[in-house]
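One structure is given here, and the rest of the page talks about it.
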Amino acid sequence: MSVWKSRPALRWLVPGATAVVVIGGGAAAGTIVASAEPSLPDRSAAQLLVDLSSAKPAGLSGTVVQSADLGLPGVAGLAGSLGGSAGGGLTSLIAGSNTARVWYAGEDKVRVALQSTQGETDVIRNGPDLWQWSSSDNTGTHLKLKGDAASPKHSLPSSVPSSPQDAAAAALAAIDPSTKVETTGAAQVAGRDAYELVLSPKDTDSLVGQVRLAIDAEQHIPLRVEVYAKNTVKPAVRVAFDTISFQVPDAEQFTFNPPPGAKIDEAGTKALDQADATKKGVPHPSSTAPSGAKNDPKVIGKGWTTIVSATLPTDALSELTTAGKGTGKEADTAKALLGVLPEVSGSWGKGRLLTGSLFSVLITDDGRVLAGLVTPEALYKVA
């Protein structure tokens, strides 16, 4: 069993199988040695991948900064002008930055505090208890997990911002024989020595030029991940620790004491089974598997050119059209964003296209949505 399967809730580690795929899959990882500073021993790319898969930090805490510039100034400007938490959140995701404090003391003791101009959002996992609280309106939710839902293989809700470990795991999962894997030397991240590992897709349909990982020389976890679009010198996405300590955080960091006047929804404190937990936003590894439903996403291809295809529900499609009767801020936001996208057409039909430096999204008039880190032409072929 790989490290990923045995401890996926951590999401701070990388699947051990990844190292096997790279070393034995034709990516030429074992022949390139890091040109490290004198203070660091040389490590090959293959050795660094093994280091990642075997990392077992007892605990850590620190500040993570995520920044993005996806080449979407028009959409970012529109989102910002809409105002509110939705508009501001979208703007920071595509052309801004987010800061989060993180604490980790075991697979069932994790805390993330996302800081923004709207306030702070805390998500705390402490054994079977899962808390989510927002300072902007002093409201929160308390879930009591049980059985399969409380097992360590469950991660925090998807609203929690990515850590360098999340980003690294996603990048390494995309490695295939067409990926060039090499090292470029040493780096300093958050005051710690690190090796740099570089992944370069060769597939011409991929918009990813390079993914650069800075791996802690002692603890072997990713301290920084930078994703570059093709033919660029500035990262489109960067997730990195600004500060980090590998001391195990105190137990009190995972104890949530509601502030005075806080409104906490305790409806979830009846021990949840997996079905209820999924409805409440606690993901399950099998939740992404196709179930046969019409609107279930389908994954097409693999590696760097993976495309996700889905069909919008009829009511959602109606709200996005000019004839739709959808009202409210969310419907208005969706219509406004769709309206700024250029119209495209082909043998597959007509639709709207959203393109950035790293990704493309095709929304067809008949309600299909296709997205990936690929060129628009790759989406047209699938459509």
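The values are calculated or read from the model by the stated rules, or taken from the named source; none is laboratory data. Fair warning: this is a prediction, and the values are worked out from it, not measured in the lab. Glycine also receives a Cβ, built like all others from the backbone with ideal geometry; neighbour counts cover every protein chain displayed. Side chains included, ligands, DNA and RNA excluded: accessible areas come from the protein's heavy atoms. Shrake-Rupley method; radii C 1.70, N 1.55, O 1.52, S 1.80 Å.
In square angstrom, rounded to the nearest 10, how much accessible surface does ASP137 have for a 1.4 Å probe?
Answer for ASP137: close to 90 Å² accessible.
Measure off 7 Å from each Cα along the Cα-to-Cβ vector at GLU377 and THR99, then give the distance between these two points in nanometres to one decimal.
Placing both labels 7 Å beyond Cα along the Cβ direction yields 4.3 nm.
Kirkwood Rh, region 94-138, all Cα pairs: how many Å?
Result for region 94-138 stands at 11.4 Å.
How high is the FRET efficiency between VAL340 and GLN188 when r is their beta carbon distance and R₀ equals 41 Å, given to the nearest 0.05?
The computed FRET efficiency comes out at 0.50.
Give the Debye-formula value of log10 I(q)/I(0) at each listed q (0.32 Å⁻¹), with one equal scatterer per alpha carbon of region 337-383, two decimals each.
Summing over Cα pairs of region 337-383 leads to -1.36.
Quick one: Kirkwood hydrodynamic radius for region 156-270, alpha-carbon pairs, angstrom, one decimal?
16.7
Between ASN138 and SER347, what FRET efficiency follows from the Cβ-Cβ distance if R0 is 51 Å, with the result rounded to 0.05?
Plugging the Cβ-Cβ distance into 1/(1 + (r/R0)^6) gives 0.40.
Sort HIS220, HIS142 by heavy-atom solvent-accessible area, probe 1.4 angstrom, most to least.
Putting HIS220, HIS142 in descending order of accessible area: HIS220, HIS142.
When all protein chains stay in place, what accessible area (Å², nearest 10, 1.4 Å probe) is found for PHE246?
40
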